[in-house]
Amino acid sequence: MSEIEKLRQRIKDLEQQLLESQCKSAAREKIAQMSSEVVDSNPYSRLMALKRMGIVNNYEKIRELSVAIVGVGGVGSVTAEMLTRCGIGKLILFDYDKVELANMNRLFFQPHQAGQSKVEAAAKTLQSINPDVEIETHNYNITTVDNFYNFIDTISTSSLLGGPVDLVLSCVDNFEARMTINTACNELNLKWFESGVSENAVSGHIQFIIPGESACFACAPPLVVAANIDEKTLKRDGVCAASLPTTMGIVAGFLVQNTLKYLLGFGTTSYYLGYNAMQDFFPTMILRPNPNCDDSYCRQRQAEYAAKPKVEQTLSVADADEGAIHEDNEWGISLIDETESINEGNATSEISTGIKLAYTVPQVVNTESQEQVTKSDGPSLEELMAQMKQI
Amino acid sequence: MVDESTRKTLSSIPLLQTKAGPRDKDLWVQRLKEEYQALIKYVQNNKSSDNDWFRLESNKEGTKWFGKCWYIHNLLKYEFEIEFDIPVTYPTTAPELALPELDGKTAKMYRGGKICLTDHFKPLWARNVPKFGIAHAMALGLGPWLAVEIPDLIEKGVIAHKEKSAE
Ligand SMILES: [Zn+2]
């Protein structure tokens, strides 16, 4: 290493230390109880004013609540910051990614954090913004088998009192992780919000999933907000996804607003809220669960909900009429036995104004004409593994 | 849309029957046997049509898969390591196939070298749960990806041919 390089490295280290010490010296002491006193040293005065104005009955309740955030990227990090500034009791963060310079078109993370794990970098910043919030971090991918058991265990025991978290927020960017959260929350009977921004960055949505009561993520193919862009003119050559800090910030705002409304009991919580950035259109709807949902726990939760006394059923049938998924939905064609077989199927169905299914799935499929694997007998797994190795 | 040759390849891979994921104990063993049967048939098909292009194997539990795939361009063989985990929600969700050594070399990848799939992959997979398996994911996902991306990466000089001592 040359002398100049050494000096450069030294300057970088010192800058880092300086920044950290500045953060430390600026950090405030913990506050035991939220006060509504309006003085410039009280970080909660404007929040407690919600109580004085009669918007929220007991804002201090937020200090007892625990929220899990899965995915600390463009939406999740902003979500975490908002809840931290609101004085949430505890945040449990999950992500397995590192901060990259390519993330700097989004909010929250800063260039000097590049290379750090997202959960650790986020925890540091959040802790310095509000030391009253307890932050727990988990640096792993929840979709693999081992991590999934850890994930289930964590969200069912990580509240401030050692019980299940009050709410799970999905801020992930892929179908696999969403389906994993769905599986976990159906099994544990936990309420959660799904959130997402489209890969073309000009639409997004949030969806409130109460197992058995509103449609789960497996009840139907993913919902998309129609952005009124001709798919044929959308060029995907050379890139996977685009992103905008605006769309992500708006979706995070929707997500936290509805989280607060649900947790603190004010206003009406949206079951589905979409955002079409091209036209500034915000569709809403309620989606009932699919009685034939693939997820057996979803069906079990539906039966439990149906058995509840009617007064406890918050979602009335009249409310739910809009956008119901019917058993006999004719969901297009598919498959590879006919000549028609592999194509996009017929036009995707609109489920509510401005909201459609990403794709359609047939209820009954015919596979008779194609060869299937032999179901029983035959060679053992070990023999097959050995055979595969020897090819 | 899926092109004619992919369609033909897909229809020659045996369909699976058991809907089971890695948490399903005995049923998962049955599913794994079906996965291996379909993969063996697919590789044999490839060999007999002179289009052998990958090998895969898994850990004992069938949850972690690894192997090699290769692509011939101008008579030169370019080889890459493949790896992926079976997600806990499999087969409802497809495995995310990754080529870790190409991570960061192309925009058509997500973190960790997971390949970016075309718009039709997910609908087609969803319509064919649980009949599609790993062999189908390879044929429908990785095969077409290599055919588009590798010549482009070679052209751009991002990847170069490596002499291999052993073939
Ligand atoms: Zn469901």
Calculate for chain B the 222 nm mean residue ellipticity that helices alone would give, adding -39,500 (n - 2.57) per DSSP H run of length 4 or more and normalising by residue count, nearest 500 deg cm²/dmol.
-10000 deg cm²/dmol
So what is the relative contact order for region A:57-128, in percent, with contacts set as C-alpha pairs under 8 Å and at least six apart?
32
Comparing each residue of region A:239-260 in the complete protein assembly with the chain by itself (heavy atoms, probe 1.4 Å, ligands and nucleic acids ignored), those losing at least 30 Å² of accessible area are A:CYS240
Area accessible to solvent at B:LYS114, 1.4 Å probe radius, in Å²:
30
Any idea what the dipole of region A:24-165 comes to, in debye rounded to 20, about its Cα centre with Lys/Arg Cβ at +1 and Asp/Glu Cβ at -1?
440
Please compute the length gained on full extension between B:GLU61 and B:LYS105, using 0.36 nm multiplied by the number of residues separating them and subtracting their Cα-Cα distance.
12.7 nm
Using only the Cα atoms of region A:62-188, what are the Rg and Dmax in Å?
13.8, 40
Let me know the volume per residue of the alpha-carbon convex hull for region A:1-142, in Å³.
135
Dividing the alpha-carbon radius of gyration of region B:68-113 by 2.2 N^0.38 Å, where N counts its residues, gives 1.37
Please name which of A:SER41, A:ALA242, A:ALA227 has its Cα lying farthest along the dipole of the protein assembly as shown towards the positive end, using unit charges on Cβ (Lys, Arg +1; Asp, Glu -1) and the Cα centre as origin.
A:SER41
Using a cut-off of 21 Å between alpha-carbon atoms, which lysines can reach B:LYS114, once sequence neighbours fewer than 8 places away in the same chain are excluded?
A:LYS98, A:LYS118, A:LYS235, B:LYS64, B:LYS68, B:LYS105, B:LYS122, B:LYS156
In degrees rounded to 10, the 0-90 angle between helix B:143-155 Cα long axis and the longest Cα principal axis of chain B is 20
For the protein assembly as shown, count the residues as N, evaluate 2.2 N^0.38 Å, and divide the Cα radius of gyration by that value, please.
1.04
Given N residues in region B:34-124, what is Rg(Cα) / (2.2 N^0.38 Å)?
1.16
Any idea how far apart A:ASN189 and A:LYS389 come out in nm if each label point goes 7 Å out from Cα toward Cβ?
4.7
In the protein assembly as shown the DSSP beta bridges are antiparallel at a rate, in percent to nearest 5, of 70
Contact order normalised by residue count of region A:137-191, Cα under 8 Å, 6+ apart, percent:
32
Accessible area (Å², 1.4 Å probe, nearest 10) - A:CYS216
10
Assuming R0 = 56 Å, what is the FRET efficiency of B:LYS77 and A:ILE129, from their Cβ-Cβ distance, to the nearest 0.05?
0.55
Report the label-to-label distance for B:ASN45 and A:SER2 in nanometres (one decimal), using points 7 Å from each Cα along the Cα→Cβ vector.
5.8
Taking only protein heavy atoms and a 1.4 Å probe, the highest-to-lowest accessible-area order of B:ASP152, A:ASP173 is A:ASP173, B:ASP152
Area accessible to solvent at B:LYS19, 1.4 Å probe radius, in Å²:
80
Check cross-link reach from B:LYS41 to the lysines: straight Cα distance under 16 Å, and skip same-chain residues fewer than eight apart.
A:LYS375, A:LYS389, B:LYS8, B:LYS33, B:LYS131
Could you sort A:VAL78, A:VAL224, A:VAL311 by accessible area so the largest value comes first, with the probe set to 1.4 Å?
A:VAL311, A:VAL224, A:VAL78
List A:TYR271, A:TYR262, A:TYR149, A:TYR59, ordered by accessible area with a 1.4 Å probe, largest first
A:TYR149, A:TYR262, A:TYR271, A:TYR59
The size of the Cβ-based charge dipole (Lys, Arg +1; Asp, Glu -1) of chain B about the Cα centre, to the nearest 20 debye, is 460
Taking the dipole about the Cα centre of region A:1-130, with the C-beta of Lys and Arg at +1 and of Asp and Glu at -1, give me whichever of A:ALA80, A:ALA123, A:LEU7 is farthest to the positive side.
A:ALA80
Enter the Cα centre distance for the pair region B:36-77 and region B:91-112, rounded to the nearest angstrom.
17
Scan around A:LEU287 for amide H atoms under 5 Å from its own, H built in the peptide plane at 1.01 Å from N, and keep only partners 5 or more places away or cross-chain.
A:ALA215
What list of ³J(HN,Hα) couplings, whole Hz, do you get for region A:241-250 from phi and the Karplus terms 6.51, -1.76, 1.60, once you set θ to phi - 60° and write x for glycine and proline?
8, 9, 8, 10, x, 5, 4, 5, x, 5
Output the direction-averaged projected area (hull surface divided by four) of the convex hull of the alpha-carbon atoms of region A:121-202, in nm².
6.6
Could you list log10 I(q)/I(0) for region B:12-167 at q = 0.09, 0.15 Å⁻¹, which the Debye formula gives when each Cα is one point scatterer?
-0.29, -0.81
Residue-normalised accessible area of the protein assembly as shown, expressed per residue, 1.4 Å probe, Å²
48
Across all Cα atoms of region B:108-167, Rg and the largest Cα-Cα distance (Dmax), in Å, are 14.6, 44
Just to check I understand the Karplus step: with θ = phi - 60° and J = 6.51 cos²θ - 1.76 cosθ + 1.60, what whole-Hz values come out for region A:287-294, glycine and proline as x?
10, 7, x, 8, x, 9, 3, 5
What's the magnitude of the charge dipole for the protein assembly as shown around its Cα centre, counting Lys and Arg as +1 and Asp and Glu as -1 at the beta-carbon? Answer in Debye, nearest 20.
1160
Under Karplus coefficients 6.51, -1.76 and 1.60, residue-wise ³J(HN,Hα) of region A:77-82 in Hz, glycine/proline x
5, 5, 4, 4, 5, 4
Calculate I(q)/I(0) for region A:148-307 by the Debye formula, one identical point scatterer on each C-alpha and no solvent, and give its log10 at q = 0.15 Å⁻¹ to two decimals.
-0.86
Summed residue charge, Cβ within 12 Å of B:VAL88's Cβ, Lys/Arg positive, Asp/Glu negative:
-4
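The values are calculated or read from the model by the stated rules, or taken from the named source; none is laboratory data. Note that this is a predicted model, so its numbers are computed, not measured. Quick reminder, even Gly has a Cβ in these numbers, built from the backbone with ideal geometry, and neighbours come from all protein chains shown. The accessibility values were calculated without ligands, DNA or RNA, using every heavy atom of the protein model including side chains. Shrake-Rupley method; radii C 1.70, N 1.55, O 1.52, S 1.80 Å.
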